[in-house]
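Just so it is clear, none of the values below were taken in a lab; they were calculated from the coordinates. Keep in mind the model is a prediction, meaning the values are calculated, not measured. Cβ: placed from backbone, ideal geometry, glycine included. Neighbour counts: every protein chain shown.
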């Protein structure tokens, strides 16, 4: 019960701690398939296969599999849509985005003397790890409460000059909450009754991408080792607009109120990865990799705005001060295991497993931000997630046909909710001498519970992602 309360209070909408909450922690800790078209079309299950430049941020031992130098470039077209069920209505929204999913190159130094050290390879790869381009629209008539109740409850026990500049103080200045006991500091909503039409729209954009500098070696064509240093950068922009208005002239004196929240987060981080691929038989490979946490330095720009209209007071509006904040954040580390079966030279079947404990995500304290409370919320909200990926490839002449699927386990404690993600992918490739051209399609779906504020009805948001990508590559 304590965990359920903590996620409702803090889930997706928190004022007094600004933007550094458990939702932001998950955003920068959870990553999905990104890279070349071959990698994506096979579900990302190349941990034991190698020989693809996307493996640098998965299992860098895959860099050791290369026997020739190579360059790849992968543009990506994304169609994201959401369906939001709230009270008695379902609303839909969408957003499109064009980006570069992968740019990479590897230089292979092969030892022609056939010694134990067969090859030493060096690579640089850029891969997009997450895409934040989503629009969400939530709408419904609430007969039981209002967001103004949330502001009033949070204000209780505080004098007016102690109210949060980013939420409760705005509600007071726009007459959206009233004082009923000035001695004990008790407040109430300015709405005499309910039945208001509530609408919340959320527009977000941005990405998280990683550049990896990798080294891979081939020992006797049996053991492959790789290591990489990853430089991660993220850009996240969010605009939230919450609006309530009387639906059928059923609320005396009340016309509407609006609350707007703007957030920009930018930052960079660094991580380290190492891995092995072992080939005990020509038809079978095993892979193992370990990822360190990503050590981020993040910068926020944040402000809010409220606008309200009542018959007796007219229209009032109020801006919060601008907030600029710099702080540290560490994602969890990750463990990966994989296996692959090779059927002569014309087919591959591969499996990957990932384990990540999202409760290990941690903030570091900064000016005007104490991380202790929020890190406890992260501990109580998240748990270990198990991710499973499977991929297959069949080669015929110059053609390759591929398919894959992935299951990303829910990062939430089971007492809170189940919010797993599934994806299905497929593609085809053409290989002609030194040139190759790959195409991939990926479908991804996730469902999450969303609460606008404490005691608000639950909204269920299902997000869908359709990605089309092409990789152009050549060997040299």
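Protection proxy ranking of 63-71, 297-305, by the mean of other Cβ atoms within 10 Å over each peptide's residues and highest first, is 63-71, 297-305.
Label positions at residue 120 and residue 144, each projected 7 Å from the Cα along the C-beta direction, are separated by 6.6 nm.
With the alpha-carbon atoms as the only input, what is the per residue convex hull volume for the chain in Å³?
Values: hull volume 63.6 nm³, N = 476.
Each residue corresponds to 134 Å³ of Cα convex hull volume.
The angle separating the long axis of helix 371-381 from the principal Cα axis of greatest extent in the chain is about 70 degrees.
Residue exposure proxy: 191, 223, ordered by other Cβ atoms within 10 angstrom of their Cβ from fewest to most, comes out as 223, 191. The label-point distance for residue 235 and residue 88, in a model that sets each label 7 Å from Cα toward Cβ, rounds to 4.4 nm.
Put simply, the range 221-373 fits an ellipsoid with semi-axes of 52, 22, 12 Å; these come from the alpha carbon gyration tensor as the roots of five times its eigenvalues, largest first. Over all pairs of different C-alpha atoms, the range 304-415 has a mean inverse distance whose reciprocal, the Kirkwood radius, equals 19.1 Å.
Here the contact order of the range 250-374, divided by its residue count and restricted to Cα pairs under 8 Å and six or more residues apart, works out to 24 percent. With a simple spin-label model that places each label point 7 Å from the Cα along the Cα-to-Cβ direction, the separation between residue 180 and residue 437 comes to 7.0 nm. Remark: C-alpha extents of the range 52-148 on the principal axes read 79, 23, 20 Å, sorted largest to smallest. Across the range 198-262, counting alpha-carbon atoms alone, Rg and Dmax equal 25.8, 82 Å. Averaging over all projection directions, the Cα-based convex hull of the range 273-353 occupies 11.0 nm² in the image plane.
Mind ordering 21-29, 47-55 by average Cβ neighbours within 10 Å, highest first?
47-55, 21-29
One quarter of the surface of the convex hull around the alpha-carbon atoms of the range 29-95 equals 6.7 nm², the direction-averaged projected area.
Convex hull volume of the C-alpha atoms in the range 391-459, normalised per residue: 106 Å³. The range 339-476: D in µm²/s via Stokes-Einstein (Kirkwood Rh, Cα pairs, 25 °C, 0.890 mPa s)? Calculated translational D: 133 µm²/s.
Dividing the mean sequence gap of close Cα pairs (under 8 Å, 6+ apart) by how many residues the range 353-457 holds gives a relative contact order of 19 percent. Under 13 Å from a point placed 7 Å out from the Cα of residue 353 along the Cα-to-Cβ direction: which residues of the range 258-301 have their backbone N that close? It comes to 287-289, nothing else. Across every direction, the projection of the convex hull enclosing the Cα atoms of the range 151-280 has a mean area of 13.9 nm². With Cα atoms defining each centre, the range 260-328 and the range 332-387 are spaced 16 Å apart in the structure.
Can you give the Rg to Rh ratio of the range 62-212, both from alpha-carbon atoms, with Rh computed by the Kirkwood formula? Working shown, then result.
Numbers: Rg = 27.8 Å, Rh = 20.9 Å.
Here Rg/Rh amounts to 1.33.
Its alpha carbons give the range 124-192 an Rg and a Dmax of 18.6, 65 Å.
As a ratio to 2.2 N^0.38 Å, the alpha-carbon radius of gyration for the range 250-320 is 2.45. Evaluating kT/(6 pi eta Rh) at 10 °C and 1.306 mPa s, with the Kirkwood radius of the range 77-121 over Cα pairs in the Stokes-Einstein relation, gives 101 µm² s⁻¹.
Shown for 416, 138: other C-beta atoms within 10 Å of each C-beta, ranked fewest to most, produce the order 416, 138.
The relative contact order of the range 108-231 comes to 39 percent, based on Cα pairs under 8 Å that sit 6 or more residues apart.
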